[in-house]
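First the structure, in the form of structure tokens, and then the observations on it.
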Amino acid sequence: MSSTRRLLIAGNWKMNGLKKEARQLSSQLAKRMSKANKPAFDMVVCPPYPVMGLVGDLLKGSGVKMGSQDNHAQVSGAHTGDSSATLLKNIGCTYAIVGHSERRTDHNEKDADVKAKAEAAIAARMISIVCIGETLKQRNAGRTLSTNRKQLLGSLPTDANAKNTVIAYEPVWAIGTGEVATPAQAQEVHAAIRAELAGAIGPKEAAKMRILYGGSMKPGNAKELIALPDVDGGLIGGASLNAADFWAIAEAAHQK
Ligand code: PGA
């Protein structure tokens with residue numbers, strides 16, 4: 001089913017990407033994107049901070065965008081080790097992942113923190129990609145929808161709209177595990193997220209907002225996931241580190 005939502009294929013490199021790998025990956029993607037004939041998707045890669053300058057230069061003009069994996073809620077100041085949305089925008093980031101489950105776990109980020117970060121990213125004129133998702137324990141306890149609802153409503157930036165915000169549903173048990181949500185599981189949660197969004201931001205905006213699936217998305221399973229009515233692309237970790245695999249996922253989106 002075609003929708004009016006522009007598909008988004010986002011690569012989360014996490015803590016990977018030495019200069020040589022980052023250079024190869026960026027140039028290969030830039031080359032493929034430049035040659036693509038009216039791609040039916042937007043593409044963004046989110047490298048770690050040290051190679052952002054390099055990646056941004058190589059992607060320039062190609063159509064592949066750059067994003068960040070996290071940003072501080074403040075604009076500037078005494079926050080050693082952190083980067084603000086303003087700094088990230090200044091180096092060329094146009095998307096900002098916030099609230100990834102690894103940050104929620106490693107840095108004890110709560111929904112309110114994620115919301116503040118998303119709002120900072122939007123204030124810096126970036127598109128925030130707000131991540132939510134249940135653990136296996138929560139799923140097994142029958143709390144999948146309630147967990148995602150709570151995270152969504154707690155993390156959603158004030159003034160969120162379809163232009164400044166993207167939601168990424170990433171079941172924690174599927175991240176980096178090779179275990180992927182079944183199409184039925186993914187569609188159930190995506191539809192529930194859209195219904196919650198309708199209540200939060202109004203049905204019109206909710207119908208336009210992109211909801212990505214993330215968690216062991218690969219060339220072999222991307223097509224059936226992206227084909228689902230409420231799945232508008234993917235947030236891809238492992239498979240985004242290989243240009244051919246990442247591009248194959250994008251081609252699956254092109255076929256939707
Ligand atoms: P994965 O990671 O594709 O390696 O499962 C997805 C993510 O964490 O964004």
Of the candidates Lys14, Lys38, Lys20, the one satisfying the condition of being assigned to a loop (DSSP other than H, G, I, E, B), free of Cβ contacts under 8 Å to residues at least 24 places away in the same chain and open to solvent by 20 Å² or more (accessible area, probe 1.4 Å) is Lys38
Go through (1) in contact with a Lys or Arg (Cβ under 7 Å, 6 or more places away or on another chain); (2) in contact (Cβ under 8 Å) with a residue 24 or more places away in the chain one by one and return the number of the condition Ser83 breaks.
-> (1)
Considering each residue of segment 102-126, count those that are of a type in the set (Val, Ile, Thr) and surrounded by fewer than 23 Cβ atoms within 10 Å (Cβ to Cβ), and give that number.
-> 2
If we keep only residues of segment 202-225 that are hydrophobic (A, V, I, L, M, F, W, C) and either open to solvent by 40 Å² or more (accessible area, probe 1.4 Å) or within 13 Å of Ala239 (Cβ to Cβ) (or both), then the residue farthest from the chain's Cα centre (by Cα) is Ala207
Residue list for segment 85-100, filter: open to solvent by 20 Å² or more (accessible area, probe 1.4 Å) and in contact with a strand residue (DSSP E or B) (Cβ under 7 Å, 6 or more places away or on another chain) | Gly92, Thr94
Does Gly56 satisfy the condition of being at positive phi and either surrounded by fewer than 20 Cβ atoms within 10 Å (Cβ to Cβ) or free of Cβ contacts under 8 Å to residues at least 40 places away in the same chain (or both)?
-> no
Which numbered condition Ala192 fails, given (1) part of a helix (DSSP H, G or I); (2) within 22 Å of Val44 (Cα to Cα) = (2)
When both residues are 6+ apart or on different chains and their Cβ atoms are under 7 Å apart, which pairs have a first residue that lies in segment 151-168 and is more than 17 Å from Gly233 (Cβ to Cβ) and open to solvent by less than 20 Å² (accessible area, probe 1.4 Å), and a second that is assigned to a loop (DSSP other than H, G, I, E, B) and within 16 Å of the ligand (Cβ to nearest atom)?
-> Ser155/Gly99
Given the residues Gly176, Gly199, which is the only one that is open to solvent by 60 Å² or more (accessible area, probe 1.4 Å), within 20 Å of Val45 (Cβ to Cβ) and either within 16 Å of the ligand (Cβ to nearest atom) or assigned to a helix (DSSP H, G or I) (or both)?
-> Gly176
Among (1) within 16 Å of the ligand (Cβ to nearest atom); (2) under 17 Å from Gly234 (Cβ atoms), Pro39 falls short only on (1)
Across segment 179-189, which residue is nearest to the ligand (Cβ to nearest atom) among those that are outside any loop (DSSP other than H, G, I, E, B) and either buried (at least 21 other Cβ atoms within 10 Å of the Cβ) or not hydrophobic (A, V, I, L, M, F, W, C) (or both)?
-> Ala186
Criterion: in a helix (DSSP H, G or I), touching a strand residue (DSSP E or B) at 6+ places or on another chain (Cβ under 6 Å) and open to solvent by less than 10 Å² (accessible area, probe 1.4 Å) - qualifying residue of Leu29, Leu8 = Leu29
Residue list for segment 61-84, filter: more than 21 Å from Ala123 (Cα to Cα) and surrounded by 12 or more Cβ atoms within 10 Å (Cβ to Cβ) = Ser62, Gly63, Val64
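The values are calculated or read from the model by the stated rules, or taken from the named source; none is laboratory data. Quick caveat, the model's predicted, so the values are computed rather than measured. Quick reminder, even Gly has a Cβ in these numbers, built from the backbone with ideal geometry, and neighbours come from all protein chains shown. Heads up: the accessible areas ignore ligands, DNA and RNA and are worked out on the full protein's heavy atoms, side chains in. Shrake-Rupley method; radii C 1.70, N 1.55, O 1.52, S 1.80 Å.
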